[in-house]
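Undergrad: My questions will all concern the structure given below.
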Amino acid sequence: MSRAALKADYKLNPPAMGVYAIEHLASGRMLIERSGNLPGILNRHRFELKLGRHRNAALQADWRRDGEAGFRFAVLDTLEPSADPAFNAETELDTLLAMHLEQCPRGAPLSYL
């Protein structure tokens, strides 16, 4: 495919956006975040963890100890894009994230943040 065709296809089929979690199975600790590009951010976390350079030191330490098999990467909720001009994806993602953070608030013992 040409570059222009790839670009047009990307615009017609944007990546999934929503809320995701990375859970350490042994401890139950979780990193819950939101992204406008779920496949991209999950790939980035895996890459950083495998490289040994993740920005969250506690998450990286658990990864070093237990490896990839000790973790679950999950999409908790997705947000469908809207053609409505008043639709604000960032605000909607923040709302979805707030709902999921009620389960595991930042600063809680089971949170990586």
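Undergrad: Using alpha carbons only, how many degrees (0 to 90, rounded to 10) separate the axis of helix 38-51 from the longest principal axis of the chain?
TA: Helix 38-51 sits roughly 40 degrees off the main axis of the chain.
Undergrad: In the set [x] 1.00; [y] 1.27; [z] 1.22, which value of Cα Rg over 2.2 N^0.38 Å was calculated from the structure you see?
TA: [z]
Undergrad: Can you send over the carbon and sulfur percentage of the accessible area for the stretch 1-68, probe radius 1.4 Å, protein chains only? Numbers along the way, then the final one.
TA: Numbers: 2250 of 4140 Å².
Reported share for carbon and sulfur atoms: 54 percent.
Undergrad: Something else now. Would you kindly compute the Cα radius of gyration of the stretch 1-52 and its largest Cα-Cα separation (Dmax), both in Å?
TA: Radius of gyration, then largest Cα-Cα span, for the stretch 1-52: 14.9, 47 Å.
Undergrad: With both partners inside the stretch 1-111, how many of the DSSP beta bridges are antiparallel, as a percent to the nearest 5?
TA: Restricted to the stretch 1-111, the bridges split so that about 95 percent are antiparallel.
Undergrad: Next question, about the same structure. Report the calculated FRET efficiency for Asn88 and Ala57 (r = Cβ-Cβ distance, R0 = 25 Å), to the nearest 0.05. Don't skip to the end; give the middle numbers.
TA: Details: r = 33 Å, r/R0 = 1.33.
So, using R0 = 25 Å, E works out to roughly 0.15.
Undergrad: Just going by the charge dipole of the chain, with Lys and Arg at +1 and Asp and Glu at -1 on Cβ, which of Pro81, His100, His54 is farthest out on the positive end?
TA: In the chain, that residue is His54.
Undergrad: Might you tell me the accessible area per residue for the chain, computed with a 1.4 Å probe and given in Å²?
TA: Details: 7060 Å² over 113 residues.
Result: 62 Å² per residue.
The values are calculated or read from the model by the stated rules, or taken from the named source; none is laboratory data. Source: prediction; values computed, not measured. In this analysis, Cβ positions are derived from the backbone assuming ideal geometry, glycine residues included, and neighbour counts consider all displayed protein chains. Accessible surface areas use protein heavy atoms only, side chains included; no ligands, DNA or RNA. Shrake-Rupley method; radii C 1.70, N 1.55, O 1.52, S 1.80 Å.
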